[in-house]
Structure formats: C-alpha cells, structure tokens
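Q: This is the structure I have questions about; it appears just below.
Every number in this text was worked out from the coordinates using simple rules, so none of it is lab data. Values in this document were obtained by computation on a predicted structure and should not be read as measured data. Cβ atoms come from the backbone with ideal geometry, glycine included; neighbour counts cover every protein chain shown.
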C-alpha cells in the first residue's frame, strides 16, 4: 500500500476542491440518510464555503494516496490565541489506519506555529467516530459556540506551546 502524503493546499486548488467535495458528499449523504445529489452537495458547499481556510489565518490540509484524496482537515484563526478545526474527514477505505490522528496532529502543529493556544471544533451527533477521535486526542466537551445548525457537540483543547 502506498504511503499517504499530507499537503497544505489553497482551498481553490483543484485537489483541495476535490477533497472538500468528497467530504461534503459524505457529510450530506449521512445527514440525509441517502445518497446526496449534486444539488444537495452544491447547496452544502454554498452554506459552508472553505474560503476561510486561506493563509495567513487559515489552513487546509489534504491527504493523498496514489494521487487520490483520502482525507482533509482545516484550521482557521477565530480570535486571539484561538483556532477552530474544520472539515476533518478520512475516506472510508483509509479509516482505522491512523490518518485521522495524523491530520489532527498536523493541524495542532500548525496551530502552535501560528501561536494558537487553544483549538475548538464542533461536530454532529451522528458522527460518533469523530467524537471518539477527538476525545481520544484530549478534546473535551464545552458549551455550544457558533451558529452551525447541524452541530450537536462542541469540543476544545488547550495546546502545549
């Protein structure tokens, strides 16, 4: 099996756009309980654009294996010393191989390099495996924040800088 590479890409890079499309297709399908249509995914991408993941205040990591997108994770600065993790996704065929942990470790490394002292994130109630990952990595549940109508769980983690 080929190694997975993780690169920071602009959200407008076609490889990043493809990874975010795959992420949003899976998230939409899981939410709807059926295969998401092109219109469903387009609506979701409009509702949750990724243009806030541009440097210097944002970051989008994309994982590839043999040229195929197998994961992504984003980071954006939301305040003094505070960052928010977005778009964490690992393709079904790449799960349970440590890629989610690798993506989160890279996000945390980049956050520290940017002087962020705390990360927060939200996730949906049906994403049980995501909640397990975040808890395993030391994130703890906090009071709700933001305006994501799909979020059911909110997490935060202090970073050792």
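Q: Please go through the range 1-18 and give me each residue that is under 12 Å from residue 45 (Cβ atoms) and crowded, with 20+ Cβ neighbours inside 10 Å, ordered by number.
A: 11
Q: Could you please find all residues in the range 97-112 being over 11 Å from residue 4 (Cβ atoms) and in contact with a strand residue (DSSP E or B) (Cβ under 9 Å, 6 or more places away or on another chain)?
A: 100, 104, 106, 107, 108, 110, 111 - these are the residues of the range 97-112 that are over 11 Å from residue 4 (Cβ atoms) and in contact with a strand residue (DSSP E or B) (Cβ under 9 Å, 6 or more places away or on another chain).
Q: Something else now. Considering each of 100, 125 in turn, give the residue that is touching a residue at least 24 places away in the same chain (Cβ under 8 Å), surrounded by fewer than 14 Cβ atoms within 10 Å (Cβ to Cβ) and farther than 16 Å from residue 17 by Cβ. Step through it out loud before you land on a result.
A: On the way: 100 fails: surrounded by fewer than 14 Cβ atoms within 10 Å (Cβ to Cβ).
The conditions single out 125.
Q: Among residues belonging to the range 77-97 that are free of Cβ contacts under 8 Å to residues at least 60 places away in the same chain and within 12 Å of residue 61 (Cα to Cα), point out the one that is nearest to the chain's Cα centre (by Cα).
A: 88
Q: Has the range 12-21 got at least one residue that is closer than 22 Å to residue 113 by Cβ, more than 14 Å from the chain's Cα centre (by Cα) and either in contact (Cβ under 8 Å) with a residue 24 or more places away in the chain or part of a loop (DSSP other than H, G, I, E, B) (or both)?
A: yes
Q: Here is a further query. Every residue in the range 22-47 that is assigned to a loop (DSSP other than H, G, I, E, B) and buried (at least 16 other Cβ atoms within 10 Å of the Cβ), please.
A: 36
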